[in-house]
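Only one structure is covered here, and it is reproduced in the block below.
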Amino acid sequence: MSKNPLKWLYPGMKIKRWLFTALFGIIVVGVGAVLTAESYTFVSTLGIVWILCGMILIVMGMGKMIVSLLTLFLPKGERELINILYQRRYLERGPKIVVIGGGHGLSHLIFGLKEYTANITAIVTVADSGGSSGRLREEFNIVAPGDIRNCLVALADAPALMGELFQFRFSKDSALKGHNFGNLFLTAMVQLTGGDFERAVKETSKVLAIRGKVVPATVSNVHLIAEYEDGNKTEGEAKIPNPNSRIKKLFLTPQNAKPTADALAAIEEADIIVLGPGSLYTSVIPNLLIEGMAEAMVNSKAFKIYICNVMTQHGETDRYSASDHVKAIVEHSKKNILDACLINNAEAPKDALNRYEGEESFPVKADVEEIQKMGFRVAATDLLGVTDYVRHDSAKLNQALINLIETYRVIKR
């Protein structure tokens with residue numbers, strides 16, 4: 001600590017001008033107090049005016065001095081200070097929302113939800129076996145980092161360039177071709193933390209200054225096994241889509257994989273639990289197969305919502321309606337795993353759908369009555385966003401989800 005208090009008065013500190021303003025305000029208040037003691041009405045009235053002016057100078061000087069001190073530690077100055085106050089005072093009073101799933105659907109959802117509440121926990125599947133994640137799993141014997149990375153970037157409050165860095169994919173001819181920088185960063189962090197994947201995610205969360213939490217569903221190195229209606233079986237998330245036969249049942253290996261303690265705690269404390277959106281059999285259901293996860297959801301007092309996809313996925317959900325998605329979730333978990341479903345009932349433009357015919361992907365039928373017969377509430381509305389792809393519109397989806405939350409459960413800020 002400096003032994004020279006006069007350093008506060010050095011030029012360029014942006015402190016002394018406001019300090020002297022406050023001191024001048026004190027002097028003005030003192031003069032005003034003397035004037036109010038005079039017997040002449042005009043002089044005493046003038047004294048009151050001086051006191052008021054002095055108080056304004058004191059408040060202004062002290063306020064500006066505090067802001068000057070705080071903005072020394074904030075890279076974006078006063079605007080960043082306003083964002084911090086908004087987050088701490090408003091968003092931190094929001095509901096505790098747990099979102100369970102994986103893939104791009106989950107990261108798009110939480111990217112919008114972080115403007116509604118800071119109390120978000122993303123519980124992310126780690127069964128991915130394709131691309132960069134699959135290669136890193138084989139080489140370093142870690143759980144898949146790809147979906148974790150996407151969620152960390154979605155919740156990041158760090159500068160945009162940091163998010164772009166974590167999503168950067170090496171494309172040139174090299175040993176790193178196809179790898180994502182964020183995946184490599186997480187892999188390196190696992191090595192630095194002695195193989196502790198949970199701690200690696202927490203430390204990476206600090207680097208990105210995320211709003212909320214991202215936790216792996218399990219830290220066991222799990223793989224998916226699909227049994228099809230024709231009796232065949234396939235192991236590995238990337239190999240599961242099968243256009244020749246429907247998926248009958250999904251399993252995890254090892255079967256005794258346990259959920260992380262943070263995942264169970266978040267589910268227990270949640271106000272709202274959201275499943276999806278995302279690939280039904282490779283992003284959503286794998287989380288429910290982890291021993292104790294479905295039971296924890298059922299026992300939670302949270303309001304549980306499933307967000308159904310807007311398009312079928314060739315090889316996974318061919319000819320599936322919305323109720324078929326819900327049936328698959330129930331069959332792989334518990335009957336009372338859900339309270340409500342959020343589905344799209346808007347029709348996509350024909351020219352947009354034509355692009356999907358080659359992929360044999362079609363709109364999911366919004367069979368509301370079938371879902372209601374299963375005992376679940378249904379909110380059917382326009383959730384479509386049509387650009388190069390037919391997918392959920394982030395703004396529409398978040399607003400519909402917030403409306404559903406506030407309709408069926410009282411949320412106080």
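The figures follow:
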{"quantity": "Counted residues, the range 177-218 - those being among the polar types (S, T, N, Q) and within 14 Å of residue 133 (Cα to Cα)", "calculated": "3"}
{"quantity": "Residue tally, condition surrounded by fewer than 17 Cβ atoms within 10 Å (Cβ to Cβ) and either closer than 11 Å to residue 26 by Cα or touching a strand residue (DSSP E or B) at 6+ places or on another chain (Cβ under 8 Å) (or both), over the range 53-68", "calculated": "4"}
{"quantity": "Which listed residue, of 148, 123, 142, is outside any helix (DSSP H, G or I) and touching a strand residue (DSSP E or B) at 6+ places or on another chain (Cβ under 7 Å)", "calculated": "123"}
{"quantity": "Residues being over 13 Å from residue 181 (Cβ atoms) and either modelled with pLDDT under 90 or surrounded by fewer than 16 Cβ atoms within 10 Å (Cβ to Cβ) (or both) - total across the range 136-151", "calculated": "8"}
{"quantity": "When residues of the range 235-245 are limited to those that are in a loop (DSSP other than H, G, I, E, B) and more than 13 Å from residue 222 (Cα to Cα), the one modelled with the lowest pLDDT", "calculated": "243"}
{"quantity": "Residue match in the range 155-173 (condition: under 24 Å from residue 100 (Cα atoms), touching a strand residue (DSSP E or B) at 6+ places or on another chain (Cβ under 7 Å), part of a loop (DSSP other than H, G, I, E, B) and not β-branched (Val, Ile, Thr))", "calculated": "yes"}
{"quantity": "Failed item, numbered, when residue 256 is tested on (1) more than 19 Å from the chain's Cα centre (by Cα); (2) closer than 17 Å to residue 361 by Cα", "calculated": "(2)"}
{"quantity": "Of residues in the range 246-296 being part of a helix (DSSP H, G or I), hydrophobic (A, V, I, L, M, F, W, C) and in contact with a Pro (Cβ under 9 Å, 6 or more places away or on another chain), the one nearest to residue 107 (Cα to Cα)", "calculated": "284"}
{"quantity": "Only listed residue being in a loop (DSSP other than H, G, I, E, B), without any contact (Cβ under 8 Å) to a residue 40 or more places away in the chain, out of contact with any helix residue (DSSP H, G or I) (no Cβ under 8 Å at 6 or more places or on another chain) and of a type in the set (Asp, Glu), chosen from 369, 359, 347", "calculated": "347"}
{"quantity": "Unique match (being under 26 Å from residue 329 (Cβ atoms), exposed (fewer than 15 other Cβ atoms within 10 Å of the Cβ) and basic (Lys, Arg)) among 233, 213", "calculated": "233"}
{"quantity": "Residue list for the range 200-220, filter: modelled with pLDDT of 90 or more and in a loop (DSSP other than H, G, I, E, B)", "calculated": "212, 217, 219, 220"}
{"quantity": "Selection status of residue 202, outside the structural domain of residue 111 (by TED's automatic domain parsing) and over 20 Å from the mean Cα position of the chain (by Cα)", "calculated": "no"}
{"quantity": "Test result for residue 327, among the charged types (D, E, K, R), under 22 Å from residue 273 (Cα atoms) and assigned to a helix (DSSP H, G or I)", "calculated": "yes"}
{"quantity": "Residue among 366, 379, 395 that is loosely packed, with under 15 Cβ neighbours inside 10 Å and within 27 Å of the chain's Cα centre (by Cα)", "calculated": "395"}
{"quantity": "Residues within the range 330-344 that are crowded, with 19+ Cβ neighbours inside 10 Å and in a loop (DSSP other than H, G, I, E, B), tallied", "calculated": "4"}
{"quantity": "Test: residue in the range 118-135 that is within 27 Å of residue 267 (Cα to Cα), acidic (Asp, Glu) and either under 17 Å from the mean Cα position of the chain (by Cα) or at pLDDT 90 or above (or both)", "calculated": "no"}
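Residues are listed down the side, and each one gets a yes or a no for (1) within 18 Å of the chain's Cα centre (by Cα); (2) in the same structural domain as residue 286 (by TED's automatic domain parsing); (3) of a type in the set (A, V, I, L, M, F, W, C):
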residue: 148; (1), (2), (3): yes, no, yes
residue: 167; (1), (2), (3): yes, no, no
residue: 176; (1), (2), (3): no, no, yes
residue: 190; (1), (2), (3): no, no, yes
residue: 196; (1), (2), (3): no, no, no
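The values are calculated or read from the model by the stated rules, or taken from the named source; none is laboratory data. These numbers were taken from a predicted model, which means no experiment stands behind them. Note: ideal-geometry Cβ built from the backbone for every residue, glycine included; neighbour counts use all protein chains shown.
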